[in-house]
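The values are calculated or read from the model by the stated rules, or taken from the named source; none is laboratory data. The structure displayed is predicted, hence computed values, not measured ones. Reconstructed Cβ throughout: ideal geometry from the backbone, glycine too, with neighbour counts over all protein chains shown.
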Amino acid sequence: MTLPNERFRAIRKTRHLLAALCDPKRTPGVPAPIRQEASSCLKHFPTEHDISEAVEGLRLAAQVFALVEPIPRRKYRRDKDSE
């Protein structure tokens, strides 16, 4: 099972990898199409600030939903045709 902190660490590491692929000094020998694709992916990839905001939003959501009573699960009726 993946924990939330492992998921965020993977996002940070992926950003670092994409940035390295874009820099010929850090990753010599990487073909230009790979560099271009990494740059394209990195353009809209979440920043450290975005990740921090997401974490804070999740904490707030957890607090809000902790105050709400859970909705009881509905019991599903089977169609008489499917029996």
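Scanning the range 15-49 for residues that are in a helix (DSSP H, G or I) and exposed (fewer than 12 other Cβ atoms within 10 Å of the Cβ) yields His16, Ala32, Pro33, Lys43, Glu48, His49.
For Glu6, state whether it is modelled with pLDDT under 95 and assigned to a helix (DSSP H, G or I). The answer is yes for Glu6. For the subset of the range 62-75 comprising residues that are in a helix (DSSP H, G or I) and of a type outside the set (A, V, I, L, M), which member is modelled with the highest pLDDT? If we take residues in the range 62-75 being in a helix (DSSP H, G or I) and of a type outside the set (A, V, I, L, M), then Gln63 is modelled with the highest pLDDT. Exactly one residue out of Arg15, Arg26, Arg35, Arg78 is modelled with pLDDT under 90 and charged (D, E, K, R), and it is Arg78. Applying the criterion of being under 25 Å from Val55 (Cα atoms) and among the charged types (D, E, K, R) to the residues of the range 1-45, the residue that is nearest to the chain's Cα centre (by Cα) is Arg7.
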